Amino acid sequence: AGTPEAVAQLERLETRVRYAAARRRIRRALSGAAERAGLTRLDLEEAATPDLGFDADGRWRRQWGEVACEVRVVPSIEAVWSKGGKRCRSVPAVVRRKYAAELRTVRALVREARRILPVQRARLEGLLLIEREWPFEAFAEHYLDHPLMRHLARRLVWIVDGRAVCWNGEELVDSAERPVGREGWVSLWHPLDATDAEVQAWRLWLHLHGVRQPFKQAHRELFRPGDPSQPVWHGFVGRPLHQHQLAALCRQRGWGYRLMGRWDARSVPRRDLPGGFAAEFHVLAPEPEAPVSDRDVFLFVTADIVRFLREGEPIGLDEVPPRLFSEALRDVALFVSVASQPHRVGR
């Protein structure tokens, strides 16, 4: 129906569903809800982000008699109990005796926050793929000052009217601690668009301020085509990969892939990208007599080329937007790095 609760549930399902066909149905449902509301899907997701009852300061706090509870998000989501103004190591016994219903409410809130925050973190990271802008008022409402999203947004670097800024605990400042006003247009900063000196400055700033980012941003791995005139990327060709590990990583990062076995040796990890683009990481199946699991699934495959498509047609590397290229290759580098490591395979 497009309610905030329904949208939140669909977003959560999209990150957890294993099968590509099911994910496509979820995406269609989200797009349909956005169309009925007269919004883009991104607008709908932002408007539907729940606050879970956190207040304007990003806190959830309740008191029952002399017992108080505060649910904290950073550095981890937890319920902190106190009695008579002193912090307790665990839930006070009086809560279990007299406030059992309230205790269930707190535990349900912690569970829900632990489910929702990773979904919202993934949605925020996905904004690195696109060049989305907000008027400052909308950015503040949905991110900077949102009761829940502030815990993520205030640990990221943003662009405000051309200046890279981050929250220093009181206001938005640049890496030289110069404040920026709450006006203008805002976008999420990507290190690919910055100089090496600017990236190093932000890494130092984050370290000095003790900021642990919700995902790699200032320390993000970047990829550029060595020879943009090439039609495909050859950087990982020939690397042997544990296939089950590769499949699990593909699911985590939103790539479609079916395990190959003696019954079918044709499958290509693929990720749809914004703007009608897609990335394919070709992997080669071994010979039919190669080692298999007890279900006839090949234990190993071999990395091959990475290619890009637009509207289903192959394109050269020079035609791929730099952010899409870098983010797709970052995923593939993760696949190769992890799935090529020696480990025990038990299937």
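The values are calculated or read from the model by the stated rules, or taken from the named source; none is laboratory data. Computed from a prediction, not measured in an experiment: that's the story for all the values here. Because the Cβ atoms are built from the backbone with ideal geometry, glycine has one as well, and the counts that use them run over all protein chains shown. Heavy atoms of the whole protein, side chains included, go into the accessibility calculation; ligands, DNA and RNA do not. Shrake-Rupley method; radii C 1.70, N 1.55, O 1.52, S 1.80 Å.
Residue by residue through segment 121-137, what is 3J(HN,Hα) from phi via Karplus (6.51 cos²θ - 1.76 cosθ + 1.60, θ = phi - 60°)? Round to whole Hz and write x for glycine and proline.
4, 5, 5, 5, 4, x, 5, 5, 7, 10, 10, 8, 10, 10, x, 3, 4
In nanometres, what is the gap between the two model label sites at residue 70 and residue 141, each 7 Å from Cα along Cα-to-Cβ?
About 3.0 nm, to one decimal.
Taking only protein heavy atoms and a 1.4 Å probe, what accessible area per residue, in Å², does the chain have with all protein chains in place? Working shown, then result.
Numbers: 18380 Å² over 347 residues.
That works out to 53 Å² for each residue.
Using a Cα-Cα cut-off of under 30 Å, which lysines could be cross-linked to residue 98, ignoring same-chain neighbours fewer than 8 residues away?
In chain and number order, the partners are 83, 86.
For segment 301-337, list residues with backbone N below 12 Å from a point placed 7 Å from the Cα of residue 239 toward its Cβ?
Once the point is set 7 Å along Cα→Cβ of residue 239, 302-306, 329-337 turn out to lie under 12 Å by backbone N, inside segment 301-337.
So how long is each side of the chain along the principal axes, counting just the alpha-carbon atoms, biggest first, in Å?
70, 50, 45 Å, listed from the longest principal axis down.
Using amide H atoms built 1.01 Å from N in the peptide plane, name the residues 5+ places from residue 184, or on other chains, whose amide H lies under 5 Å from its own.
136
What dipole magnitude, in Debye to the nearest 20, does the chain give about its Cα centre under +1 on Lys/Arg Cβ and -1 on Asp/Glu Cβ?
About 2140 debye.
Using helices alone, I'd like the mean residue ellipticity at 222 nm for the chain: each DSSP H run of four-plus residues gives -39500 (n - 2.57), total over residue count, nearest 500. Numbers along the way, then the final one.
Numbers: 10 runs with 119 residues, N = 347.
Computed mean residue ellipticity for the chain: -10500 deg cm²/dmol.
Can you pull the one-decimal nm distance between simple spin-label points at residue 222 and residue 197, each 7 Å off the Cα toward Cβ?
Going from the residue 222 label point to the residue 197 one covers 1.4 nm.
Can you tell me the length gained on complete extension of the stretch residue 319 to residue 83, counting 0.36 nm per residue apart and subtracting the Cα distance?
Numbers: separation 236, 0.36 × 236 = 84.96 nm, distance 6.19 nm.
Extending this stretch completely gives an extra 78.8 nm.
For segment 54-65, take each phi angle, set θ = phi - 60°, evaluate the Karplus expression 6.51 cos²θ - 1.76 cosθ + 1.60, and give the result in whole Hz per residue in order, putting x for glycine and proline.
3J(HN,Hα) across segment 54-65, in whole Hz: 5, 8, 5, 8, x, 10, 10, 9, 9, 9, 10, x.
What FRET efficiency do you get for residue 132 and residue 337 if R0 is 25 Å and r is their Cβ-Cβ distance, rounded to the nearest 0.05? Don't jump to the answer; show the numbers that get you there.
On the way: r = 29 Å, r/R0 = 1.16.
Given R0 = 25 Å and the Cβ-Cβ separation, E is 0.30.
I'd like the carbon and sulfur percentage of the solvent accessible area for the chain, probe radius 1.4 Å, heavy atoms only, ligands and nucleic acids excluded.
49 percent
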